[in-house]
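Following: one structure in structure tokens, then a few remarks.
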Amino acid sequence: MPFTSKFPGLGLTIFSQMSALAQETGAINLSQGFPDFAVSPGLLDGVSAAMAAGHNQYAPMPGLPALRQAIATKLQATQGIDINPDTEITVTAGATQALYTVIATVLRAGDEALILEPAYDSYAPAIVAQGALPVRVSLSAPAFAIDWDAVNAAISARTRLIIINNPNNPATSVFSAADLEALAALAERHDLLVLSDEVYEHLVYDGQPHRSVLAHPQLASRSFAVYSFGKTFHATGWKVGYCIASAPLMAEFRKLHQYLVFSVSTPMQVALAQHLADPASWQTLAPFYAAKRDHLATGLQVAGFTLLPCAGTYFQLADYSAIRPELSEIDFARWLTREIGVASIPLSPFYADGRNQHLVRFCFAKREVTLDAAIEKLAKLA
Ligand code: PMP
Ligand code: GLN
């Protein structure tokens with residue numbers, strides 16, 4: 001049957017494309033963001049024990065009470081805030097489902113949602129699927145600073161939502177206190193809802209704090225914040241995350257959540273609740289990843305890349321102007337995969353206009369041996 005696509009502009013994501021090319025060519029895969037080291041043995045044992053103990057049937061729709069309590073306790077420790085685990089937290093099938101559910105909950109056909117580019121790739125298609133319009137404000141390398149006047153100018157009477165990503169993938173920037181204040185003022189002035197993707201909340205470096213919308217007095221009541229255990233506990237394949245919002249917003253979120261997924265893997269939730277209760281499980285993440293960032297940075301610089309500052313996430317942006325300036329970002333990423341044996345992610349797919357800033361993104365969530373092997377291959381460029 002001939003079928004007219006609802007999404008003619010959408011193809012396979014750049015993450016899937018580059019991981020497939022890495023596999024096909026045998027390249028070291030520093031493209032798609034996932035760790036290549038093991039999940040904590042305690043967490044793995046927790047899943048097995050939960051299954052053996054019979055935790056194999058549906059969890060409650062909003063998530064296991066023990067996990068929601070552990071999340072609330074952690075937010076008290078990290079952000080100094082009291083979140084009600086019964087009414088303000090819902091466990092989701094990864095951050096991706098939480099993001100989609102928020103967008104589908106709040107946007108009506110004809111609404112506008114602001115996104116800041118470079119934007120993580122799942123936001124715009126979710127907006128378009130609601131019959132709503134993504135309105136983009138571009139940020140530029142190297143600092144990707146947010147021009148709040150430009151954001152203000154992009155707001156219309158139809159704007160209902162602004163999506164932020166802090167720390168930002170792929171820009172690797174983080175919000176300053178002034179950014180959060182500017183966001184709050186703008187959201188109040190235009191009565192906007194905020195969707196804050198905070199999946200890299202623990203990967204903030206060089207002594208900076210993570211500034212969550214949930215800890216801001218004005219933003220807390222108008223924001224949905226989204227998190228991912230896949231990112232935090234090195235288990236991207238588990239697809240468990242959560243969403244936090246004030247009780248009235250969360251009640252709306254759950255109306256849709258119960259029909260999208262209903263509930264999320266029970267034994268995983270049992271084990272995550274136990275693991276999260278130990279503060280060491282997340283307190284050690286920033287120094288652990290900062291060492292990897294610095295390790296890869298040294299090798300990239302020797303190879304001839306100019307590095308952009310990485311304030312957060314587990315990605316490093318690198319400028320290849322001194323290596324193959326004539327290539328587009330996608331062509332450079334493909335060439336580097338095929339000819340040098342290291343896969344990365346071009347930045348251009350995260351902009352609607354596909355601009356060329358000569359930047360590629362490397363994932364440093366890898367074992368030392370993997371980073372060393374990549375550095376050895378990249379040294380051929382020098
Ligand atoms: N948001 C950002 C910024 C991401 O980088 C990712 C990828 N992990 C996600 C959301 C999706 O997270 P999950 O794998 O938990 O769906
Ligand atoms: N979040 C991952 C990244 O930034 C990709 C996840 C995916 O492939 N959709 O690399």
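The values are calculated or read from the model by the stated rules, or taken from the named source; none is laboratory data. Keep in mind that what you see is a predicted model, and the values were worked out from it rather than measured. When we count neighbours, we look across all protein chains shown, and the Cβ atoms used for this are built from the backbone with ideal geometry, even at glycine. Please note that ligands, DNA and RNA were not included when accessible areas were found on the heavy atoms of the full protein model with its side chains. Shrake-Rupley method; radii C 1.70, N 1.55, O 1.52, S 1.80 Å.
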The chain - share of DSSP beta bridges that are antiparallel (%, nearest 5): 50 percent
So, relative contact order of segment 1-135 in percent, Cα under 8 Å, 6 or more apart, is 14 percent
Contact order relative to length for the chain, counting C-alpha pairs under 8 Å separated by 6 or more residues, stands in percent at 25 percent
Which of rounded, prolate or oblate describes segment 88-225 when judged by the alpha-carbon gyration tensor and an a/c cut-off of 1.5? rounded
Filter the chymotrypsin sites (Phe, Trp or Tyr not before Pro) in segment 247-346 to those in DSSP coil with at most 13 other Cβ atoms within 10 Å of their Cβ, and list the result. F262
Can you compute the charge dipole magnitude of segment 229-365 about its Cα centre, using +1 on each Lys and Arg Cβ and -1 on each Asp and Glu Cβ, nothing else charged? Give it in debye, rounded to the nearest 20. 320 debye
Please report the spacing between the Cα centers of segment 87-152 and segment 314-369 in Å, no decimals. 24 Å
Can you give the Kirkwood hydrodynamic radius of segment 213-333 from its Cα pairs, in Å with one decimal? 18.1 Å
Using a/c under 1.5 as the rounded threshold, could you call segment 180-277 rounded, prolate or oblate? The axes a ≥ b ≥ c are square roots of the C-alpha gyration tensor eigenvalues, and prolate needs a/b larger than b/c, oblate otherwise. oblate
Just to confirm, what accessible area per residue do you get for the chain at 1.4 Å probe, in whole Å²? 40 Å²
Using θ = phi - 60° and Karplus 6.51 cos²θ - 1.76 cosθ + 1.60, couplings along segment 52-61 (whole Hz; Gly, Pro as x): 5, 7, x, 7, 10, 10, 3, 7, x, 3
Rounded to the nearest 10 Å², the accessible area of H216 at probe 1.4 Å: 10 Å²
Range in the chain, longest, excluding exposed trypsin sites (Lys or Arg not before Pro) [loop by DSSP; at most 11 other beta-carbon atoms within 10 Å]: 109-382
Using a 1.4 Å probe on the protein chains only, how many percent of the accessible area of the chain belongs to carbon and sulfur? 55 percent
Any GluC sites (Glu not before Pro) in segment 278-382 that lie in a DSSP loop and have at most 12 other Cβ atoms within 10 Å would be E326
Quick calc: nm separation of the 7 Å Cα→Cβ label points for A290 and A178 -> 2.3 nm
Radius of gyration and Dmax for segment 1-154's Cα atoms, expressed in Å? 20.4, 57
The orientation-averaged projected area of the Cα convex hull of the chain, in nm², is 19.6 nm²
Under the rule a/c < 1.5 gives rounded, and otherwise a/b versus b/c splits prolate from oblate, where does segment 9-48 land using the Cα gyration tensor? prolate
Considering the alpha-carbon set of segment 285-341 alone, what are its Rg and its Dmax in angstrom? 12.5, 38
As a test of the formula, what do you get for the chain when each DSSP H run with n ≥ 4 contributes -39,500 (n - 2.57) and the sum is divided by the residue count, at 222 nm and rounded to the nearest 500 deg cm²/dmol? -11500 deg cm²/dmol
Compute the distance in nm between two label points, each set 7 Å from the Cα along the Cα-to-Cβ direction, one at S5 and one at L44. 4.0 nm
